[in-house]
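Comments concern the structure below.
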Amino acid sequence: SLRVVLGAAALGTAAVGEAQLQRFLSENAIARTAAAVNASAPTAVAVVDRIAANQDVDPGCAFAGFWEVTPEIVARIWKVSPDLAGYQHVGRGSCRDGGSRIYGGWSGESMSFDVCKALCDSSDTCVGMEYAFDGACTVRYDVEDVPEDPPAPGLRTFIDGDDATGDVAGTAAPWDRTCYKKVLMMESSQSQASSSGHWRIMFYPRSGEWSLGVDRATREAPLVMTEVQLREEGKCGAMEMSAKGPFVQGATVWWGTEELTIWASMPAERPSSSWESVADQSVWDISYHIGGASCPLRKDITGLPIQVLGVQHAVWGLRSCRTGVSRRLAPEMAPLTEQGWAQVVADRWFFGVEVFARRFVAGEGKTIADEACFQTLMLNIWEALPSTQMGSLASQLSGSRCVQ
């Protein structure tokens, strides 16, 4: 059974006693999660083996996860294999312009994400690209700039489109891919590589919508991480003595007319390393299929010393400095139970609700068939969130036409 396989993998024995197995399951959240979603035995074994091996992990991986930056903003810190500098994630589906029109382009099959990105990089007129879960690549162009001939040997299929123009603004079906839009290349020089990937930060509005009702899209950028604290002009001041490296340096996001710059560190006092992987990460992580989220989690680190420098551009550059502890939010680790749902509801975070919902759908052996429909469902669940019980959530998800 899955329980015995999990126990054998983690304890390194051919036969596992029930008492031993129960103790292991009680002490390892990942084993409980894997069992709860009925993960396949090979995947579960691989996940638990990684924990049991206690292998060396990049110290920066202690930052990996979701963190409450301000009451209105949550940030994800994570590491991806490819360098995404110069591109931003738009969403699941095919790239569309502001009028939901289709860009013309060229597509090819069976290539790596790096190759797909390089094909878009090689053309000044490429506005974005799509990378499918099966490795297919589609390079998109403004209506006036679609090449008449294949722009590269690997791109063989012409896509006529319907006169899409300007920046990529959204997505639509088919949903078996992810859209990335090309942005100013000035951020490329800021991209920081570690021995096994590139650090990124993604900001989410807590309620799902940014201040002033601008949009619902995430904000994303490369992340600078250092072992020593940098002295930077305009910074709030030295981090408290309770802080310890590595340090996250100067990540910036806007809330309305206020520009927020964030610094964070590890707490000086923290338990010995205890790493946990996530069994069902592929169902919610937008970068999973391109080699994302290569870090396990330090779930035992529940808070980070943080400083937020605010510059209010609507009030003559008025500055403020906020210091405190950034709380970890962990919808990706919450058990798929009443208790886990209560934790997610208490966090009051739109994307956290979505993560839990996607995990629940996968645990039921179903998939999301229509992302646009699913987002509408998420909005309905969000609006009724304080009073929505686990049973009601399960009923809405299982009975929705969005899933199959």
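A compact table of results
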| item | result |
| --- | --- |
| Residue within segment 332-348 that is of a type in the set (Phe, Trp, Tyr) and either within 30 Å of MET111 (Cα to Cα) or open to solvent by 30 Å² or more (accessible area, probe 1.4 Å) (or both) present | no |
| Those residues of segment 264-280 which are more than 14 Å from ARG76 (Cα to Cα) and not in a loop (DSSP other than H, G, I, E, B), in sequence order | SER265, MET266, PRO267, GLU276 |
| Candidates ARG401, ARG322, filtered to the one that is more than 23 Å from the chain's Cα centre (by Cα), modelled with pLDDT of 95 or more and of a type in the set (Lys, Arg) | ARG401 |
| Out of LEU297, LEU318, LEU329, sole residue that is of a type in the set (A, V, I, L, M, F, W, C) and touching a Phe, Trp or Tyr at 6+ places or on another chain (Cβ under 6 Å) | LEU329 |
| Hits in segment 118-172 - residues which are in contact (Cβ under 8 Å) with a residue 60 or more places away in the chain, within 24 Å of CYS402 (Cβ to Cβ) and loosely packed, with under 15 Cβ neighbours inside 10 Å | PHE133 |
| Qualifying residue in segment 350-364 (condition: outside any helix (DSSP H, G or I), under 25 Å from GLY170 (Cβ atoms) and either out of contact with any strand residue (DSSP E or B) (no Cβ under 8 Å at 6 or more places or on another chain) or open to solvent by 40 Å² or more (accessible area, probe 1.4 Å) (or both)) | no |
| Some residue of segment 245-255 being in contact with a helix residue (DSSP H, G or I) (Cβ under 6 Å, 6 or more places away or on another chain), open to solvent by 30 Å² or more (accessible area, probe 1.4 Å) and either modelled with pLDDT of 90 or more or among the β-branched types (Val, Ile, Thr) (or both) | yes |
| Residues located in segment 87-117, provided they are without any contact (Cβ under 8 Å) to a residue 40 or more places away in the chain, outside any loop (DSSP other than H, G, I, E, B) and over 23 Å from ARG219 (Cα atoms) | VAL115 |
| Subset of segment 53-81 [open to solvent by 40 Å² or more (accessible area, probe 1.4 Å) and within 16 Å of the chain's Cα centre (by Cα)] | GLU68, SER81 |
| Test: residue in segment 369-376 that is surrounded by fewer than 18 Cβ atoms within 10 Å (Cβ to Cβ), in contact with a Ser or Thr (Cβ under 6 Å, 6 or more places away or on another chain) and not aromatic (Phe, Trp, Tyr) | no |
| Segment 281-312: number of residues that are of a type in the set (Gly, Ala, Ser), part of a helix (DSSP H, G or I) and buried (at least 18 other Cβ atoms within 10 Å of the Cβ) | 0 |
| Of the criteria (1) surrounded by fewer than 22 Cβ atoms within 10 Å (Cβ to Cβ); (2) within 18 Å of the chain's Cα centre (by Cα); (3) assigned to a loop (DSSP other than H, G, I, E, B), which one LEU84 fails | (1) |
| Per-region count, segment 87-117, residues aliphatic (A, V, I, L, M) and open to solvent by less than 40 Å² (accessible area, probe 1.4 Å) | 1 |
| Residue selected from segment 204-229 under the condition hydrophobic (A, V, I, L, M, F, W, C) and modelled with pLDDT of 90 or more, by the criterion nearest to LEU84 (Cα to Cα) | LEU223 |
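The values are calculated or read from the model by the stated rules, or taken from the named source; none is laboratory data. Bear in mind the structure is a predicted one, so any value in this text is a computation, not a measurement. Note that we place each Cβ from the backbone using ideal geometry, even for glycine, and neighbour counts take in every protein chain shown. These area figures cover heavy atoms from the full protein model, side chains too; ligands, DNA and RNA do not enter into them. Shrake-Rupley method; radii C 1.70, N 1.55, O 1.52, S 1.80 Å.
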